[in-house]
Structure formats: structure tokens, C-alpha cells
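This report refers to the structure that appears directly beneath it.
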Amino acid sequence: DAMVIQNPRYQVTQFGKPVTLSCSQTLNHNVMYWYQQKSSQAPKLLFHYYDKDFNNEADTPDNFQSRRPNTSFCFLDIRSPGLGDAAMYLCATSRDSTGWETQYFGPGTRLLVL
Amino acid sequence: AQSVTQPDIHITVSEGASLELRCNYSYGATPYLFWYVQSPGQGLQLLLKYFSGDTLVQGIKGFEAEFKRSQSSFNLRKPSVHWSDAAEYFCAVGEQGGSEKLVFGKGTKLTVNP
């Protein structure tokens with residue numbers, strides 16, 4: 001039944017050690033998003049893919065990269081995690097990219113940086 | 001740029017009491033408006049959305065919201081709260097005319113007392 005799956009649910013990494021978070025979807029949606037959500041804050045969009053087209057938010061640090069090898073999978077790579085990158089990372093999908101499309105969220109990956 | 005304000009960071013209600021969560025937006029045109037709910041440790045789930053037509057929108061789990069253009073508000077209501085409604089609630093605005101971006105408010109945490 002799961003539609004947007006994120007692995008792992010919890011990830012611990014060391015300061016500066018690259019880490020990859022995974023998202024997969026069974027909805028066959030065109031758009032996949034990555035959000036960062038820090039404690040008691042709103043989700044903040046990092047970037048999204050429309051199909052294979054990558055769209056980066058202007059204020060997303062270069063330390064954050066993404067890959068989408070196929071429709072179903074999307075990865076978030078943090079090249080050199082800092083303490084400030086500890087957060088919940090949410091993946092979402094939508095059928096299309098118009099403003100009224102519902103976004104379907106995964107359960108999130110909580111990242112801890114030691 | 002559009003913005004969303006949720007004035008109440010934390011609300012506590014008794015089970016069976018009515019609930020209203022406030023949301024104000026800033027946007028030049030008619031926005032697309034959403035309410036999402038996030039249970040602890042989970043991703044976001046869509047409760048309801050508005051983009052045109054009847055200004056009173058019915059959602060899942062017995063929630064409704066009313067769009068009031070004159071007040072730039074989209075408040076969420078439920079006549080009788082259940083203990084399982086304890087969660088964090090996010091209002092979001094989507095942009096008409098091409099941007100895929102959802103802008104979220106900072107959320108309101110709901111506690112339900114028995």
C-alpha cells in the first residue's frame with residue numbers, strides 16, 4: 001500500500017561524511033520533491049525533478065545534490081554534512097507540477113549528524 | 001512572494017470540543033490553499049484543498065476549511081476533536097500560473113486532552 005517510501009527512516013552520519021537518502025514511489029508520478037524540515041519549522045523545498053528536469057531552489061546550498069535515475073527513484077546526496085543539516089528530510093511526489101496538484105509525502109528520514 | 005502565517009504555535013483542546021486552526025496568506029491573486037497534517041514521526045498527509053468554487057471545503061477525517069478572500073484566511077475547523085487528531089497541522093499555499101512551489105506555514109501543534 002505504501003506509495004512514497006523513504007529509506008532509511010533514521011540515519012546517523014558523522015560531520016563531513018557523505019550521506020545518501022533514498023526515496024521511491026509507486027504512483028508513477030512525474031514530479032518528485034525533496035524538503036528539509038528542521039524541528040518546529042515548516043518544510044522547506046530544496047529541489048524537485050519534473051521527469052528528468054532538475055529544478056534547484058535558489059537558496060539550496062551546493063552541499064545538497066539530487067539524482068533521479070528513473071521515474072520511481074530519487075536520491076538526496078549531502079556531500080559534507082554539517083551539524084546544521086540535522087533535520088527531517090521529506091520526499092514528496094505529484095502527478096504534475098501545477099500549483100494545485102496534491103503532493104504525496106513519504107514518512108521522512110530523520111538525519112542526525114555527530 | 002506568497003507567504004503563509006499560522007498565528008498559533010500550539011493549541012490544546014479537550015476531546016469532544018470544537019477546533020479552529022487559523023491560517024492567513026499573502027498572495028496577489030486567488031491562491032491554491034492546502035491543509036496538511038503531520039503525525040509524530042510521519043510525513044504530511046493532505047486534509048483538504050481549495051482552488052475555486054464553493055468557499056467551504058470538506059476534507060478527510062471530518063475536517064473542513066473556509067476560504068475568506070476579504071480576510072485572506074483559510075481556517076481549518078472540526079466540530080468535535082478526537083484524541084487521534086493530536087498532530088501538527090500545516091497550512092500551505094500553491095502559486096497559480098506555473099510555479100510548482102508550495103509555501104508552508106510554520107505549523108500549529110494540536111494537543112488533545114482526554
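Annotations for the structure displayed:
- The candidates B:Leu110, A:Leu83, arranged from most to least accessible area with a 1.4 Å probe in the full protein assembly, appear as A:Leu83, B:Leu110.
- Counting protein heavy atoms only, the stretch B:20-114 has 48 percent of its accessible area on carbon and sulfur, 1.4 angstrom probe.
- In the stretch A:66-114, comparing the full protein assembly with the chain on its own, the residues that lose 40 Å² or more of accessible surface at a 1.4 Å probe are A:Ser97, A:Gly99, A:Trp100, A:Thr102, A:Gln103, A:Phe105.
- Pair A:Asp51, A:Ser72: separation of 7 Å Cα→Cβ label points (nm): 2.0
- Of the whole protein surface, A:Asp77 contributes about 30 Å² of accessible area at a 1.4 Å probe radius.
- Distances between every pair of Cα atoms in the stretch A:1-42, grouped in 5 Å steps from 0 to the bin holding the largest one, split as 5, 15, 22, 23, 21, 10, 4, 0 percent.
- Assigned charges on the beta-carbon of Lys, Arg, Asp, Glu; the stretch A:28-68 dipole about Cα centre (debye): 180
- Residues of the stretch B:42-73 whose accessible area (probe 1.4 Å, heavy atoms of protein chains only) drops by at least 50 Å² once all protein chains are present, relative to their chain alone: B:Leu44.
- Accessible area buried at the B-A interface, both sides summed, 1.4 Å probe (Å², nearest 100): 1700
- FRET efficiency, 1/(1 + (r/R0)^6) with R0 41 Å, evaluated for B:Asp54 and A:Leu83 via beta carbons: 0.30
- Rolling a 1.4 Å probe over the protein heavy atoms of the stretch A:1-81, with every protein chain left in place, gives an accessible area that is 46 percent carbon and sulfur.
- Charge dipole (debye, nearest 20) of the protein assembly as shown; +1 at Cβ of Lys and Arg, -1 at Cβ of Asp and Glu: 320
- Along its principal axes, the stretch A:3-110 has C-alpha extents of 36, 27, 26 angstrom, given from the largest down.
- Counting only heavy atoms of the protein chains and using a 1.4 Å probe, B:Ile60 has close to 70 Å² of accessible surface.
- Rounded accessible area of B:Val37 (nearest 10 Å², 1.4 Å probe): 10
- Relative contact order of chain B, taken over Cα pairs closer than 8 Å and 6 or more residues apart, is 37 percent.
- Each 5 Å bin from zero holds the following percent of Cα-Cα pairs in chain B: 2, 12, 24, 26, 19, 10, 5, 1, 0.
- About its Cα centre, the dipole of chain B is roughly 120 debye, where the only charges are +1 on Lys and Arg Cβ and -1 on Asp and Glu Cβ.
- Accessible area of the protein assembly as shown divided out per residue, in Å², using a probe of 1.4 angstrom: 48
- Average partner coverage of A:37-45, which counts Cβ from other chains inside 10 Å: 5
- For the stretch A:1-26 versus the stretch A:64-114, the gap between their alpha-carbon centres in whole angstrom: 8
- Our summary gives the stretch A:1-47 a relative contact order of 31 percent, counting only alpha carbon pairs under 8 angstrom and 6 or more residues apart.
- Using C-alpha pairs below 8 Å separated by at least 6 residues, the relative contact order for chain A is 38 percent.
- The translational diffusion coefficient of the protein assembly as shown, from Stokes-Einstein at 25 °C and 0.890 mPa s with a Kirkwood hydrodynamic radius over alpha carbon pairs, comes to 135 µm²/s.
The values are calculated or read from the model by the stated rules, or taken from the named source; none is laboratory data. Since this is a predicted model, take the numbers as computed values, not measurements. No Cβ is skipped: glycine too gets one built from the backbone with ideal geometry, and neighbour counts run over all protein chains shown. The accessibility values were calculated without ligands, DNA or RNA, using every heavy atom of the protein model including side chains. Shrake-Rupley method; radii C 1.70, N 1.55, O 1.52, S 1.80 Å.
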